[in-house]
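FYI, it's all coordinate maths here, none of it is from the lab. Given the structure is predicted, the values throughout are model-derived calculations rather than measurements. Here Cβ is always computed from backbone atoms with ideal geometry, including for glycine, and neighbour counts include all displayed protein chains.
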Amino acid sequence: DSGVTQTPKHLITATGQRVTLRCSPRSGDLSVYWYQQSLDQGLQFLIQYYNGEERAKGNILERFSAQQFPDLHSELNLSSLELGDSALYFCASSPEGNTEAFFGQGTRLTVV
Amino acid sequence: AQSVSQHNHHVILSEAASLELGCNYSYGGTVNLFWYVQYPGQHLQLLLKYFSGDPLVKGIKGFEAEFIKSKFSFNLRKPSVQWSDTAEYFCAVNFHGGSQGNLIFGKGTKLSVKP
């Protein structure tokens, strides 16, 4: 157990819909990262938040957005969903300093 | 653009065989290097990491990796694999030495170990 909690574990939804994925980082970690893992693209960094502020942006679509709340949990919002958005979405968190990021179990999103 | 390449898509070995998985990255500046493992249906777990110092890094479960700066490589090795090492292995690079979760991952190498 990495200490990073993601909910839900599985999500099935229809095209055009909007979903919210939730992540609770490890206790004390200020940084939260979101990744998308798909068969064709592999693991892609989407976005990072640090203590409530957006810190870095990767290959995140405009239909996707994220935020980090005062209690440091984060949500990834995916809207106008397409079949190609079906993937495993991972959240990770890290403390300050030279250490690694810790990954959650992921949310498997299936768009039908 | 910054990129990470893993040379093998799928490696099949018998138990007790030696393992070497290749990883190369494109950038010549400061990097932090990681190998993660993903067992079937599970999350990514860190095997080992390199930030600085001794380029030969030892990780968990008997894995090690060698950073060769001149070759932009960070190959993963294990002298004798076990059936339980069956998993997917990802090399990841943090460029510029920034936030440690801001990683570029390789495409991954699936390792199948035959008992």
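Each row is one residue, and each column tells you yes or no for (1) surrounded by 18 or more Cβ atoms within 10 Å (Cβ to Cβ); (2) closer than 25 Å to residue B:107 by Cα; (3) not β-branched (Val, Ile, Thr).
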{"residue": "A:4", "(1), (2), (3)": "yes, yes, no"}
{"residue": "A:12", "(1), (2), (3)": "no, no, no"}
{"residue": "A:25", "(1), (2), (3)": "yes, no, yes"}
{"residue": "A:34", "(1), (2), (3)": "yes, yes, yes"}
{"residue": "A:51", "(1), (2), (3)": "no, no, yes"}
{"residue": "A:61", "(1), (2), (3)": "no, yes, yes"}
{"residue": "A:67", "(1), (2), (3)": "no, no, yes"}
{"residue": "A:83", "(1), (2), (3)": "no, yes, yes"}
Name the single residue that is farthest from residue A:38 (Cα to Cα) among those in region B:35-65 being more than 14 Å from chain A (Cβ to nearest Cβ) and among the hydrophobic types (A, V, I, L, M, F, W, C). B:56
Would you point out which residue out of A:15, A:5 is out of contact with any Pro (no Cβ under 9 Å at 6 or more places or on another chain) and of a type in the set (Val, Ile, Thr)? A:15
Can you pull out the residues in region A:5-54 that are out of contact with any Lys or Arg (no Cβ under 6 Å at 6 or more places or on another chain) and among the β-branched types (Val, Ile, Thr)? A:5, A:12, A:13, A:15, A:19, A:20, A:32
Please work out if residue A:110 is within 14 Å of another protein chain (Cβ to nearest Cβ), closer than 28 Å to residue B:39 by Cβ and more than 11 Å from the chain's Cα centre (by Cα). no
Looking at B:71, B:114, B:107, can you tell me which residue is over 30 Å from residue A:56 (Cα atoms) and among the charged types (D, E, K, R)? B:114
With the condition being facing chain B (nearest Cβ under 10 Å), without any contact (Cβ under 8 Å) to a residue 40 or more places away in the chain and not aliphatic (A, V, I, L, M), I'd like the strands (runs of 3 or more DSSP E) fully within region A:1-73 carrying at least 1 qualifying residues. A:42-50, A:53-57
For region B:98-107, check the following and say yes or no: at least one residue is touching a residue at least 60 places away in the same chain (Cβ under 8 Å), away from every other protein chain (no Cβ under 14 Å), polar (S, T, N, Q) and in contact with a strand residue (DSSP E or B) (Cβ under 7 Å, 6 or more places away or on another chain). no
